[in-house]
Amino acid sequence: MSGRPLALFGMQASRAYAEMVAAALEIPLARHEERGFEDGEHKSRPLQDVRGHDAFVIHALHGDAEQTAAEKLCRLLFFCGALKDAGAERVTAVTPYLCYARKDRRTKPNDPVTTRYVAALFEAVGIDRVIAVEVHNVAAFENAFRVPTWHLESAVLFAAHFAALLGDADVVAVSPDAGGAKRAEQFRTALEERTGRAVDSAYMEKFRSAGVVSGGRLVGEVRGRTAVIVDDLISTGTTLVRAARACRAAGAGRVFAAAAHGLFVGGAAELLDLPELERIVTLDTVPPFRLGSEQVDRRLTVLRSAAPIARMIAECHLAS
C-alpha cells in the first residue's frame with residue numbers, strides 16, 4: 001500500500017468530470033489556481049502543499065469553444081511541471097480523451113508520428129504515468145511512452161449497457177474497419193460474458209488516402225440480426241455512416257453505434273437523423289456540446305466513465 005498522500009486535481013476545463021471522479025473516490029479535489037493573461041499566456045499552480053504526494057491531474061484534451069486541444073495540452077503540461085517543481089513525489093496525467101492519438105504511425109514519406117511527440121512532451125515535464133480512455137491504437141500508445149501507461153477500455157461499459165438494452169437479441173459486433181477489429185472483439189467477448197449468449201463479429205472494408213475514404217465491402221453475416229458498430233471515436237461521422245448503411249443493406253434488423261469519444265465535428269450532427277442508425281452510445285469523456293439538446297435526448301445515450309477512472313486511480317495509487 002502507498003505511503004504517499006493522494007492529491008487529485010482537475011483542470012478548470014475538465015472540472016465537472018474531475019468532480020465526479022473525486023466523488024467516486026470519496027475525496028475532495030485539491031485546490032489550484034489557473035490564471036490567464038491579456039496576451040493569451042497563462043499560469044497554473046497548486047494552492048496546497050504537494051511535497052511527497054502522489055498527484056493525479058485530470059484533463060480531457062479535446063478542443064471546445066473556449067480552448068483548443070493544443071491549449072489544453074499546454075495547460076496540463078505546465079501544471080504537471082509545476083507540481084514536480086513543488087515537490088510532488090509522483091505525477092500522473094489522467095486524460096479521459098488524449099489528443100493527437102490518431103497520428104501514431106507513418107503512412108506517407110516524412111509523416112509525423114505525433115503520438116510520440118506528445119509522449120516526449122509529457123516525459124519532458126516529469127510526468128511519471130499516464131492514464132487514458134480508449135485510445136486509437138493501444139499498442140502505439142504504449143510504445144510511444146517511456147513512462148508507465150494505464151489504459152481503460154470502453155468494451156465492458158458498452159457491454160453492460162447493451163446487455164440490458166438488447167436482452168435476447170441475436171447480436172453481431174461490427175468494426176467499421178479492419179484496424180478496429182480488436183476493439184470490436186473486446187466488446188463481443190464482454191457482451192458474451194454478460195449475456196451468456198453467442199455474439200458474432202463482422203467488419204467493414206476501409207481505405208483512406210489524402211482524407212478520402214473508400215471501400216464498401218462488409219465481411220460477416222448481419223442479416224436479421226442487431227448490429228452494434230464499435231469504434232473509438234466519432235469525428236465527422238463519415239466512417240460510421242458507411243458502416244451503418246452497409247449493415248442495413250446487408251439485412252441487419254437494427255443498427256446501433258458505440259464509440260467512446262463523441263467529438264461530432266463538421267456535419268456529424270446529421271448522424272442523429274440518420275434513418276439507418278437507431279441510436280448512438282458514447283462515454284462522457286467528451287461532452288456532446290456540439291449537438292442540440294433535442295438531438296441528444298432523442299438519439300444519443302451518454303454513459304458515465306468516472307467510476308472506472310476512479311478505480312484505476314486507486315489501483316495506481318496503491319501500486320506505487
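The values are calculated or read from the model by the stated rules, or taken from the named source; none is laboratory data. This structure is a prediction, so every number in the text was calculated from the model and none was measured. Using ideal geometry, Cβ is built from the backbone for each residue, glycine included, and neighbour counts are taken over all protein chains shown.
Things to note:
- Long-range neighbours under 8 Å by Cβ, at least six apart or interchain, first residue basic (Lys, Arg) within segment 109-128, second buried (at least 16 other Cβ atoms within 10 Å of the Cβ): ARG116/ASP104; ARG116/ALA144
- Whenever a residue of segment 231-258 is without any contact (Cβ under 8 Å) to a residue 24 or more places away in the chain, it has no partner that is among the aromatic types (Phe, Trp, Tyr) and surrounded by fewer than 20 Cβ atoms within 10 Å (Cβ to Cβ) lying with C-beta atoms less than 9 angstrom away and at least six residues away or across chains.
- Test: TYR117 is at negative phi and surrounded by 15 or more Cβ atoms within 10 Å (Cβ to Cβ): no
- Restricting GLY81, GLY126 to residues that are at pLDDT 95 or above, assigned to a loop (DSSP other than H, G, I, E, B) and more than 21 Å from the chain's Cα centre (by Cα) narrows the list to GLY126.
- Figure legend. Inter-residue proximity from segment 67-86: first residues farther than 18 Å from ALA101 by Cβ, second residues of a type in the set (D, E, K, R) and not in a helix (DSSP H, G or I), beta-carbon distance below 6 Å, spacing 6+ or different chains. Indicated pairs: ALA82/ARG45.
- Taking (1) free of Cβ contacts under 8 Å to residues at least 60 places away in the same chain; (2) part of a strand (DSSP E or B) in turn, PHE56 satisfies each apart from (1).
- The set of residues in segment 141-195 that are over 17 Å from the mean Cα position of the chain (by Cα), in the same structural domain as VAL94 (by TED's automatic domain parsing) and not in a helix (DSSP H, G or I) comprises PHE145, ARG146, VAL147, PRO148.
- Breaking point among (1) closer than 16 Å to VAL199 by Cβ; (2) among the polar types (S, T, N, Q); (3) modelled with pLDDT under 95, for THR226: (3)
- Criterion: surrounded by fewer than 18 Cβ atoms within 10 Å (Cβ to Cβ) and modelled with pLDDT of 90 or more - qualifying residue of GLY267, GLY216, GLY253: GLY253
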